[in-house]
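Here is the structure we will look at, set down as structure tokens.
The values are calculated or read from the model by the stated rules, or taken from the named source; none is laboratory data. Since we're looking at a predicted model, the values are computed, not measured. Note: ideal-geometry Cβ built from the backbone for every residue, glycine included; neighbour counts use all protein chains shown.
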Amino acid sequence: MLNNVILVGRLTQDPEIVEIEKDKKVTTVILAVNRNFKNSDGIYETDFIRCILWNSVASTTTEYCRVGDVIGVKGRLQTSKYEDENKKTHYVTDVIAERVTFLSTNKKQEKNEDSSSVKEGE
């Protein structure tokens, strides 16, 4: 079985890190990913995909990336469910990032560096 996702898109907001407990950090980003075909009106539609980044991936992405930057995310899909106040079950699917590659960031452009990436555990 295989559960791999690779996305390239733009950040819709500045990443903000949250420290859940000592040595456990997380950030949630929304990635705007354009579809590679036009709809019936001749417009490229965009999907907005929630990605969860943990620990070193979260820290580095928060430090180097801002709204509008293009990043690549490699990870896996994870679905969770919850019940609302009316006892209706809702399902939410997120991408759990294992690796993030910075394809265009303002901080990187200022330093004149090549694209870099970070993966979990680094």
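Filtered by the rule that a residue be out of contact with any Ser or Thr (no Cβ under 9 Å at 6 or more places or on another chain), exposed (fewer than 13 other Cβ atoms within 10 Å of the Cβ) and part of a loop (DSSP other than H, G, I, E, B), region 1-30 gives MET1, LEU2, ASN3, ASN4, GLN13, LYS22, ASP23. When region 16-44 is filtered for residues that are of a type in the set (D, E, K, R) and over 18 Å from the mean Cα position of the chain (by Cα), the ones remaining, listed by number, are GLU21, LYS22, ASP23, LYS38, ASP41.
Out of ASP47, ASP69, one residue alone is at pLDDT 95 or above and either surrounded by 16 or more Cβ atoms within 10 Å (Cβ to Cβ) or touching a helix residue (DSSP H, G or I) at 6+ places or on another chain (Cβ under 7 Å) (or both). It is ASP69. Annotation: of all residues in region 29-44 being of a type in the set (Val, Ile, Thr) and either in contact with an Asp or Glu (Cβ under 8 Å, 6 or more places away or on another chain) or modelled with pLDDT under 95 (or both), the one that is nearest to LEU11 (Cα to Cα) is VAL33.
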